[in-house]
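Engineer: For reference, the structure I am asking about is given below.
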Amino acid sequence: MNSIYDLNLEDLENYLVSLGLKPFRAKQIMKWLYEKRVSTFEEMSDISKDLQKKLNEDFIIDSISIKDVQVSKDGTEKYLFEMADGSLVESVMMVFEYGYSACLSSQVGCNMGCTFCASGLLKKQRNLSAGEIVLQALMIQKRLDEIDKRLGNIVVMGTGEPFDNYDNVMKAMSIINSPYGMEIGARHISISTCGVIPGIERFAKENLQYNLAISLHASNDELRSSLMPVNKAYPLEELMKALKEYSATNNRRLTFEYLLLSGVNDSAQNAKEIKELLKGMNAYINLIPYNEVKEKDYKTSSEENALRFYDLLKKNGVSVTLRQKKGTDIDAACGQLRANNLK
Ligand code: SAH
C-alpha cells in the first residue's frame, strides 16, 4: 500500500477529486501531517469520519523506527532508521549557529563505489521512496519538537547518490519545501552529487532554487577516476561544462566539496589544478576533513596541511572554506553506523 508521505499536495488533490471530494481538503490533510505532525488519520478532526476511513483503506500513515541513535558531545545526533521492509538507513542531525540541519539518505546502500566512502561498502539495495526520504526529516523534526526547535536546513548528503534516484528525491524535496509540507525554504535545501551529468542537466532545466553541491575530491581526471569510478563515465571536462551551463541558466552559486586526504589530494600541485578547474565559475570549494573509516586506509590531512592547502587556494583567488568537524566522537562518517550495525 502507498504511504501517505509519498504524496505531494497535487497528488492529494487529484486523489480527493477522484473520490468526488473538494480538493481543498488536501491542504487540511497536509497540515495535519506536517504542521501538527499527527500519526493517525483519526486525529485529523476536521476531516469527516468517512474520509478518515477511506484514507485508512488507501494509505498507510507509516513511520520509520529508530533502531539506534548516537549523540555527540557537540550536539550532532546520528540515527539508524529501520524502514518497513527492514532496510536500514542513516540520517544525521547537526547543530550550527544558523540552526538545525538534517543530512538525509537517498538510497539503501550505494553503487558509486568511491574508494574512501563507507556507504559504498554496501552495494545499492534499492532506491528510497519519496515518503521514506520525507520521513527521515519528519522524524528528526519530531525529535526537535520535544525541545521546541525547528529543523531549518536539509542536505541530501547521506548514503546514496541522489541523481541515481532523481524522481523520488525531487518529489521528497518538493514536499519538504512546500508551504503545506515542512516549509523549509528552497535555499535551505542542498543536494549533493558525485557528478552524474544527466542528473545535473535535468536539474538545470527545472530552475529550482535548491543548492547544488558537487563532490569533487580530486583536481585531475587520473586522480579522480582512481578515487571515484563515476569519473570514468563523466570526466572532469564534461562535468565542468555541464556545471557551467547549470550556473548560466540558474545563476546560482555552486558548492564543490573536497575531502582532505593526506598525501592523496592535498599537495600544492592539487591546489594549482583546482584553481584552473574553477576559473571563472560562480562557485566556492568547501574543504572537508576526512572522517577516518576502519575499513579504509585513508588518513585525513593534518591540521597544519589543511590550513596550508586552504591558504594556497585563498592566495590563488579561489573562494574556499574549511569545514568544521561534527560528530567525530560518534560514527558520523557516511555509512559507518549502518556498516557497524550490520556486523
Ligand atoms: N553521492 C552524493 C551524496 C552522498 S556522499 C555525493 O557523492 O555527493 C556525501 C558527501 O560525503 C560526499 O562529498 C562524500 O564524498 C562525503 N564523504 C564520504 N565519506 C566520507 C568520510 N569518510 N568523511 C567525510 N566525508 C565523506
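Engineer: Only one of these is open to solvent by 60 Å² or more (accessible area, probe 1.4 Å), under 20 Å from Gly327 (Cβ atoms) and away from the ligand (no atom under 15 Å from the Cβ): Glu295, Glu303. Name it.
Structural biologist: Being open to solvent by 60 Å² or more (accessible area, probe 1.4 Å), under 20 Å from Gly327 (Cβ atoms) and away from the ligand (no atom under 15 Å from the Cβ) holds for just one of Glu295, Glu303, which is Glu303.
Engineer: In this structure, is Met182 in contact (Cβ under 8 Å) with a residue 40 or more places away in the chain, hydrophobic (A, V, I, L, M, F, W, C) and out of contact with any helix residue (DSSP H, G or I) (no Cβ under 8 Å at 6 or more places or on another chain)?
Structural biologist: No.
Engineer: Could you please give the count of residues in segment 89-146 that are in a helix (DSSP H, G or I) and under 16 Å from the mean Cα position of the chain (by Cα)?
Structural biologist: Number of matching residues: 14.
Engineer: So, in segment 11-34, exactly how many residues are without any contact (Cβ under 8 Å) to a residue 12 or more places away in the chain and open to solvent by 70 Å² or more (accessible area, probe 1.4 Å)?
Structural biologist: 5
Engineer: Among the candidates Leu151, Leu223, Leu227, single out the residue that is touching a residue at least 60 places away in the same chain (Cβ under 8 Å) and open to solvent by less than 40 Å² (accessible area, probe 1.4 Å).
Structural biologist: Leu227 is the lone residue from the list that is touching a residue at least 60 places away in the same chain (Cβ under 8 Å) and open to solvent by less than 40 Å² (accessible area, probe 1.4 Å).
Engineer: Only residues that are closer than 23 Å to Arg224 by Cα, charged (D, E, K, R) and surrounded by fewer than 19 Cβ atoms within 10 Å (Cβ to Cβ): list them for segment 161-209, please.
Structural biologist: Scanning segment 161-209 gives a single hit, Glu201.
Engineer: Would you be able to say whether some residue in segment 150-168 is modelled with pLDDT of 95 or more and over 15 Å from the mean Cα position of the chain (by Cα)?
Structural biologist: yes
Engineer: Does Gly109 qualify as being among the small types (Gly, Ala, Ser), within 11 Å of the ligand (Cβ to nearest atom) and closer than 30 Å to Asn265 by Cα?
Structural biologist: No: the conditions fail for Gly109.
The values are calculated or read from the model by the stated rules, or taken from the named source; none is laboratory data. Keep in mind the model is a prediction, meaning the values are calculated, not measured. Neighbour counts are summed over all protein chains in view; Cβ atoms, including those assigned to glycine, are modelled from backbone coordinates with ideal geometry. The protein model used for the area step is the full one, side chains on, heavy atoms only, and it has no ligands, DNA or RNA in it. Shrake-Rupley method; radii C 1.70, N 1.55, O 1.52, S 1.80 Å.
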